[in-house]
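The structure appears below as structure tokens.
The values are calculated or read from the model by the stated rules, or taken from the named source; none is laboratory data. Bear in mind the structure is a predicted one, so any value in this text is a computation, not a measurement. So basically every Cβ, Gly included, is an ideal-geometry build from the backbone, and we count neighbours across all protein chains shown.
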Amino acid sequence: MTTEQPIRDLSDPQQKLEILLSISRALGEEIQLDRMLVAMVSEVTSAMNAERTSLFLYDESTDQLYTKVAEGQSAEIRLPNGVGIVGMTASTRSAINIPDAYQDARFNQAFDRKSGFVTRSILSLPIISQRNRLLGVVEVLNKRGGTAFTQEDEIFLRAISTHLALALERVELVNSYVQSQKMQQYLKLAHEIQMGLVPKTFPAFPDKPEVDIFALLDPALDVGGDLYDFFLLDENRVCFIIGDVSDKGIPAALFMAITRTAFKISAMANTGSVAATLATVNKFLCDGNDSQMFVTVFCGVLDLRTGLIEYSDGGHELPFVVRHRERVELVQKEGGMALGFMDGIPFPTGYIQLNPGDSLVLYTDGVNEALDVHGKMFHVSGFEKTLSEYLDGVPAETIVRGLTRDVTAFVGMAPQSDDITILVVRYGGAPVVQ
């Protein structure tokens, strides 16, 4: 007799982080597709407080979705793309949340009659690769406790599906490498996964002239783990982060994805300081970190009403502030240790005041440690020379492009040794009150 799992409290951010860590471990420990799918389905059912989960993979050659693992089903189920709830989820690439299955015309009651199972609530979500390719659909049935799946459940399943997509692509990468022995293809696909995880739509917030953000990640030949992200916490605050994972290759890309997801969930849920958010993420990354990977980060929250940035640092590079029509400043930030080293360490809070037209310039060490053919570093002197050309309040993109151009010119024919990532946050001034 199977003991029913206790219902998890998905309103608790720490609980969500622990669940994501458990899922990441399960997916990271297995590269055989069949065994990985069994682990995947089991973890999703538990994480979502559901009774059953089905994992449908997409067959591009037939334009069908089929089950490799479906709890409570022994026979394979094949569905045409666009047919039924799973098919509609795949064709529209949108979530479908149904509180009462028998009241929805898309639900095929024949499956229940055949299996004896009674479907009540359904949450179905597409699994999309970082290259925007449909990989499959995850469908969870019957939220335990008799309630319907909530919007919060949908957001959480979407975070889980990001890791499912990474895991499925990782299997494809490994199989491709084993079969072809072409390292270049392995690196190319890994780059695409890495690049697909960071936002690339600019302007970032077209309806908010108070802030102008632009970022660029230029990966080296070897796969790294640089990351950046930015998002609104509310109408008046923008949160941003830049980071650099210690390792390279697929492990670094996975660690990067975990860090980015953990930070966003923690920042959106944390009502305290940004330093408290870093402490939460650090605890999450330290738990079960057998690979001993770590990540340096700099994160902050810009108040659009005042231009004040509250920031916290995890051992990252010193940022610059370009003061409008004045000077370039190297910020002597409040110190902090990289995340993933040690649980319980404090992360100090610092503040940077931006005035209208000022820009905060963040970067990873692939910029300041870029080497020319003689082994000379670009260093901070190269930064200050470039940034001093942009004191007249130019857009964030102009600064990023200018820095990238000058680093490329400095390096010349020398091979790029590390990822180059630059994030610029420019403050345009407080919003005008009508």
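Within 20 Å of the chain's Cα centre (by Cα), modelled with pLDDT of 70 or more and either crowded, with 19+ Cβ neighbours inside 10 Å or outside any loop (DSSP other than H, G, I, E, B) (or both): is that true of Ile193 in this structure? Here the answer is no, as Ile193 does not meet what is asked. Report yes if Ile345 is modelled with pLDDT of 95 or more and surrounded by 15 or more Cβ atoms within 10 Å (Cβ to Cβ), otherwise no. The answer is no for Ile345.
Report yes if Ser94 is in contact with a helix residue (DSSP H, G or I) (Cβ under 9 Å, 6 or more places away or on another chain), buried (at least 17 other Cβ atoms within 10 Å of the Cβ), on the phi < 0 side of the Ramachandran plot and among the polar types (S, T, N, Q), otherwise no. Taking the combined requirement at face value, the residue does not satisfy it.
Listed here are the residues, each with its yes/no results for (1) at negative phi; (2) in contact with a strand residue (DSSP E or B) (Cβ under 6 Å, 6 or more places away or on another chain); (3) in contact (Cβ under 8 Å) with a residue 60 or more places away in the chain; (4) not small (Gly, Ala, Ser).
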| residue | (1), (2), (3), (4) |
| --- | --- |
| Met256 | yes, yes, yes, yes |
| Val274 | yes, yes, yes, yes |
| Ala279 | yes, no, yes, no |
| Phe284 | yes, no, yes, yes |
| Cys299 | yes, yes, yes, yes |
| Leu318 | yes, yes, yes, yes |
| Val321 | yes, yes, no, yes |
| Arg327 | yes, no, yes, yes |
| Glu334 | yes, yes, no, yes |
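Assigned to a strand (DSSP E or B), modelled with pLDDT of 85 or more and not small (Gly, Ala, Ser): does that describe Tyr66? Taking the combined requirement at face value, the residue satisfies it.
Being in the same structural domain as Gly366 (by TED's automatic domain parsing), more than 17 Å from Phe205 (Cβ to Cβ) and within 11 Å of the chain's Cα centre (by Cα) is a property that Ile242 lacks. Looking at region 35-47, is at least one residue at pLDDT 70 or above, under 16 Å from Ile127 (Cβ atoms) and touching a Phe, Trp or Tyr at 6+ places or on another chain (Cβ under 8 Å)? Yes, region 35-47 has at least one match.
Which residues, counting only those in region 236-264, are in contact with a Ser or Thr (Cβ under 9 Å, 6 or more places away or on another chain) and more than 21 Å from Val424 (Cβ to Cβ)? Val245, Ser246, Asp247, Pro251, Ala252, Leu254, Phe255, Ala257, Ile258, Thr261, Ala262 - these are the residues of region 236-264 that are in contact with a Ser or Thr (Cβ under 9 Å, 6 or more places away or on another chain) and more than 21 Å from Val424 (Cβ to Cβ). For region 380-427: of the residues being touching a Leu at 6+ places or on another chain (Cβ under 6 Å) and either in a strand (DSSP E or B) or among the aliphatic types (A, V, I, L, M) (or both), which is modelled with the lowest pLDDT? Once the filter is applied, the top-ranked residue is Ala414. When region 287-330 is filtered for residues that are farther than 25 Å from Glu18 by Cβ, among the β-branched types (Val, Ile, Thr) and modelled with pLDDT under 95, only Val328 remains.
If you go through region 143-156 and keep only what is touching a residue at least 60 places away in the same chain (Cβ under 8 Å) and under 14 Å from the mean Cα position of the chain (by Cα), you end up with just Phe156.
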